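Notes for the one structure printed next.
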Amino acid sequence: MKKYIYLLIAVVTFTACESELELNSPSELTAQGFWDSETGARTAHTGLYANLRSSAGTLWLLGEIRSDIWGGRTFESPSNESLIRSDITVATAPFGGWAGLYTRIHRLNDFLVNVPNIEFVNEDDKQHLLGQAYGLRALYYYTLLKTWGDVPIILEPLTDVDPNVLAKERSPQSEVMELIKSDIAASLSAFGSDDSFFEGKKIYWSKAATLTLKGDVYIWSGNLMGGGTADFTEAKNALEQIASLGVSLEPSIDDLWGVANENNNEFIFALDYKQDEAENFYNSLTGRSTEVNPTFNDNGESMSDFVIAGANRYGQSEKTILLLDDNDDARKDATFIRLYVDDNGGLGYPTYNEDAYFGSVFNKFLGRVFGTERIFENNVPVYRYADVVLLLAEAKNYLGEDPSAEINQIRERAYGDNYNPLFHAYVNGSQTENTNAILNERYKEFIGEGKRWWDLRRAGASFVFDNIEFLSPGDEFKLILPITTDMIGRNPLLEQSPGYN
């Protein structure tokens, strides 16, 4: 009976308790008989992605909300202001229970322990699934390391309900990074020469995704954990392989966003959303029709027919508005619809006017209008090829090479026919100048995609302090988060993050 209950959960919702290490319940995946067949393995495989999708909002907050993108004007009560201000203490520690990420890791551990023992009709499929699972586990542990630094390492399925057995202390960052790199290597080994996207879809992890993650991880390790030239070289070599794996920059920003474009060539790995199955969380960055309809966009056009029923909990900062206030850059209109209280006599507001500005609607993942409602069913990229290009620029910069070609590749796509090398091309500078240029380009390119905080962190603490007004030298301990006292109460082997006592 337990097996069939679990199958139903996996297919329909695949949700789980969010306690910090699942100390209160054993694995349902290890129920006798579940792992006897390829069918069970494929059901669990589907559940791995449902798990990841259910964490999408949390991953976005972890990767972006503490950055300089948000914190501006909203026309409803704002959310997560304390995180935006980095106003974080032990008493207000966010993301209790490690943000539920060990629940996801627990499912992957079950998968990785049991699937190798299952006979598949097509053994290549099994290897692809294992490559996916190792890649996803590396992604989760990388997120844990970036967020909390030292974290417990759990590699075996949890089958015992005794907290004394299950309690784990935090492992040093160096050991966690070792595990991440090991899982990346295992993922690439499982994929072997198979460069394909599972079932021809970018909604499953792939060799290209693992190589992108490898580039990301090794730059972090090289810059922040002493890996230096060896790690930067590994990152560069991984990133340079991806162009041959069936992904590339879309020629125009207009070809990138919208439900009709979600099968574009640029997405490497994306979370899948569909009507009547799951919608993305970006309606929280929009608003209600009663607020939006009386306004005008910056072209002076009425928003009276705009169909929306969301919330406006996050407003772009004035820094973001000014950064994007370039009418030649296609990312300006692709990223936000800027709302004004009037039409300025029909002229609109081609440049930002603070006095008349009402707020904004995030435009990348607006889904589609179906009848009288808007369905937020855009697929949301975790990695896309623009990421690869700019990560490659980072790796080259740290190796003392010229990253301007990669920076200009992104700029040229953004400006399209407006691109003028005399005004828009970047010329190689010092390592610090190059880092700032790359960060600036990533800022404009990935707004709303959960990357800006990680980008600043990967560049180093000085770049965080230069860009985040709420953090300054002396706040280095705040770059990682505290854990809640209740987590320590349930697992006495845990120690509080340094600096928070």
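The values are calculated or read from the model by the stated rules, or taken from the named source; none is laboratory data. Just so it is clear, the structure is predicted and the values come from calculations on it, not from any experiment. Methodologically, a virtual Cβ is constructed for each residue, glycine included, from the backbone with ideal geometry; neighbour enumeration extends over all protein chains shown. Remember, those area values only see protein heavy atoms, side chains included, never the ligands or the DNA or RNA. Shrake-Rupley method; radii C 1.70, N 1.55, O 1.52, S 1.80 Å.
Quick look at the numbers
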quantity	calculated
Residue-by-residue Karplus 3J(HN,Hα) for the range 243-254, coefficients 6.51, -1.76, 1.60, Hz, glycine and proline x	4, 8, 9, x, 10, 6, 5, 5, x, 9, 4, 5
Part-to-part distance (alpha-carbon centres) for the range 124-162 and the range 466-491, which is given in Å	23
Accessible-area value, THR351, 1.4 Å probe, nucleic acids and ligands omitted, Å²	80
Heavy-atom SASA rank of MET303, MET225 (probe 1.4 Å, accessible area, largest first)	MET225, MET303
Accessible solvent surface per residue of the range 387-475, calculated while the other protein chains remain in place, 1.4 angstrom probe, Å²	38
Inter-label distance, nm, simple model (7 Å from Cα along the C-beta direction), THR46/LYS201	1.0
Heavy atoms of LYS364 accessible to a 1.4 Å probe, total area in Å² rounded to 10	10
Debye, to nearest 20: dipole size of the chain, +1 on Lys, Arg Cβ, -1 on Asp, Glu Cβ	740
Amide H contacts under 5 Å for GLY72, placed H, 5+ residues apart	GLY315, GLN316, SER317
Apportionment of accessible area to carbon and sulfur, the chain, percent (1.4 Å)	48
Protein-only accessible surface order, largest first, of SER182, SER404, SER289 at 1.4 Å	SER182, SER289, SER404
Unit charges on C-beta of K, R, D, E only; dipole of the range 444-501, Debye	140
Gyration tensor (alpha-carbon) shape descriptor, the range 373-497, a/c threshold 1.5	oblate
For PHE95, distant residues with modelled amide H under 5 Å away	none
Fully extended contour minus Cα-Cα distance, from GLU277 to SER244, at 0.36 nm per residue	8.6 nm
Rel. contact order, % - alpha carbon contacts under 8 angstrom, at least six apart, the chain	20
Vicinal HN-Hα couplings computed from phi for the range 291-300 (Karplus, 6.51 cos²θ - 1.76 cosθ + 1.60; Hz; Gly/Pro x)	9, 7, 4, x, 9, 10, 7, 6, 8, x
Sites matching GluC sites (Glu not before Pro) across the range 173-279 that sit in DSSP coil, with at most 15 neighbouring C-beta atoms within 10 Å	GLU277
Over the chain: helical MRE at 222 nm, DSSP H runs n ≥ 4 each giving -39500 (n - 2.57), nearest 500	-13000 deg cm²/dmol
DSSP-assigned coil residues among GluC sites (Glu not before Pro) in the range 349-385, each with at most 10 further Cβ atoms within 10 Å	GLU354
Only Lys, Arg (+1) and Asp, Glu (-1) charged, at Cβ; the range 398-501 dipole about Cα centre in debye	280
Under 5 Å, built H, 5+ apart or other chain: amide partners of ILE268	TYR383, ARG384, TYR385
Euclidean distance between Cα centres, the range 184-243 to the range 391-411, Å	17
From the coordinates shown, volume of the Cα convex hull per residue in Å³ corresponds to which of [x] 151; [y] 136; [z] 192	[x]
Residue order for ARG384, ARG73 - accessible surface, 1.4 angstrom probe, largest first	ARG73, ARG384
Spin-label pair LEU493/THR351, simplified geometry with 7 Å Cα→Cβ offset, distance in nm	6.1
The range 197-272 - percent relative contact order, Cα under 8 Å, separation 6 or more	36
The range 347-361 - phi-based ³J(HN,Hα) in whole Hz, Karplus 6.51/-1.76/1.60, Gly and Pro as x	8, x, 10, x, 10, 4, 10, 4, 5, 9, 5, 9, x, 8, 10
The range 29-159, relative contact order in percent, only Cα pairs under 8 angstrom and at least six apart counted	34
